[in-house]
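Structure first, commentary second.
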Amino acid sequence: MGMFIVLEGIDGAGKSTQAKMLAKWFENKGYEVVLTKEPTDTAFGKLIRRLVLTGGKEGIIDGARISKEAEALLFAADRAEHVKKLIEPSLKAGKVVISDRYFYSSLAYQWARGLDLEWLINLNAFAPRADLVILLDLPVKESIKRINGRSIRSEFDKIVELQKKVRENYLKLAEKFEEIRIINALAPVEDIHNDIVALVEHELLEKRE
Ligand SMILES: Nc1ncnc2c1ncn2[C@@H]1O[C@H](COP(=O)(O)OP(=O)(O)O)[C@@H](O)[C@H]1O
Ligand SMILES: Cc1cn([C@H]2C[C@H](O)[C@@H](COP(=O)(O)OP(=O)(O)O)O2)c(=O)[nH]c1=O
């Protein structure tokens, strides 16, 4: 079996930056790596971007956003394809799978949107837990500064209050899921990378020897 590592955190926490660096680190050590993300680039992920994340006309039914239940189900459908078609086969082939977001995102975000946590956990029960979840934690103010430069930001990402709730939710989830480890994401990129590598060596590689 391979190794399944997930990066989580609020928007702009540095997940994609660190996921790429970690993937390179594993490749340099000779591992076969699959770097992936959620929402995916499949038709399901595209549907989510169209209906949920853009806040565009198509996502609006009767003048409101699509329901939070439908939103959670769309993320779960995208995830089911992701798990069955990519994650599980890659792990069976002995590869290192690194995912930028996974079901922990649904727990943190859709819980913040008002859904029941246990309902969300049950909905996502089909998805195998990761071996290690790196939670990049930083104050919302900092994350907003980092993503201000991005050209296309949806309404969804702009809501500071929601991001604050999401951050709190992640910290609560870290108490519930032992695979979640908190990393201070305020540090410079290289320092965070070194912290992540130390965690991976200690939590995953040493335990396999
Ligand atoms: N440790 C860091 N310190 C300062 N800026 C960072 C750091 N990590 C990433 N960034 C920058 O912040 C922005 C968001 O990073 P990104 O990796 O895309 O975050 P995420 O994938 O979590 O949304 C990018 O412009 C990136 O270059
Ligand atoms: C995977 C997932 C993402 N999301 C949200 C988190 C992000 O705001 C958005 C993903 O958009 P994306 O632009 O891919 O992420 P990022 O802003 O981190 O680069 O979708 C959920 O609400 N639930 C989920 O299950």
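Any read-out appearing in this document is the output of simple, stated calculations on the displayed coordinates, not a laboratory observation. None of the values given here were measured: they were computed from a predicted structure. Glycine also receives a Cβ, built like all others from the backbone with ideal geometry; neighbour counts cover every protein chain displayed.
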Inset, instruction - With θ set to phi - 60°, apply the Karplus curve 6.51 cos²θ - 1.76 cosθ + 1.60 along region 96-112 and write out the HN-Hα couplings as whole Hz, x wherever there is a Gly or Pro. - result: 8, 9, 10, 10, 7, 6, 7, 5, 4, 5, 4, 5, 6, 7, 6, 5, 5
Inset, instruction - Determine the percent antiparallel among the DSSP beta bridges restricted to region 3-208, to the nearest 5. - result: 10 percent
Inset, instruction - Starting from the Cα-Cα distance between residue 168 and residue 73, subtract it from 0.36 nm times their residue separation and give me the gain in nm to one decimal. - result: 31.9 nm
Inset, instruction - Report the extension gain between residue 194 and residue 66 in nm, rounded to one decimal, defined as 0.36 nm multiplied by the number of residues separating them, less their alpha carbon distance. - result: 42.0 nm
Legend entry - Debye log10 I(q)/I(0) for the chain, one point scatterer per Cα, at q = 0.08, 0.12 Å⁻¹: -0.26, -0.61
Inset, instruction - Mind putting a number on the dipole of region 3-208 about its Cα centre? Charges go on the C-beta only, +1 for Lys and Arg and -1 for Asp and Glu, and I need it in Debye to the nearest 20. - result: 520 debye
Legend entry - For residue 100, distant residues with modelled amide H under 5 Å away: 7, 36, 37, 38
Inset, instruction - Grab the other residues whose beta carbon is less than 9 angstrom from that of residue 131, score K and R as +1, D and E as -1, and report the net. - result: -1
Legend entry - residue 28-residue 142 FRET efficiency (beta carbon distance; Förster radius 45 Å; 0.05 resolution): 0.95
Inset, instruction - May I ask you to evaluate 6.51 cos²θ - 1.76 cosθ + 1.60, the Karplus curve with θ = phi - 60°, for each residue of region 115-126 and list the ³J(HN,Hα) values in order in whole Hz, giving x for glycine and proline? - result: 7, 6, 4, 5, 4, 5, 5, 5, 4, 9, 5, 5
Inset, instruction - Quick one: which residues, 5+ away or cross-chain, put their amide H under 5 Å from the amide H of residue 133? H built at 1.01 Å from N. - result: 6, 180, 181
Legend entry - Mean ellipticity per residue at 222 nm, deg cm²/dmol - from DSSP H runs of n ≥ 4 across the chain, formula -39500 (n - 2.57): -13500 deg cm²/dmol
Legend entry - Among 49, 79, 167, residue whose mean-square fluctuation peaks in a GNM of the chain (springs only between Cα atoms under 10 Å): 49
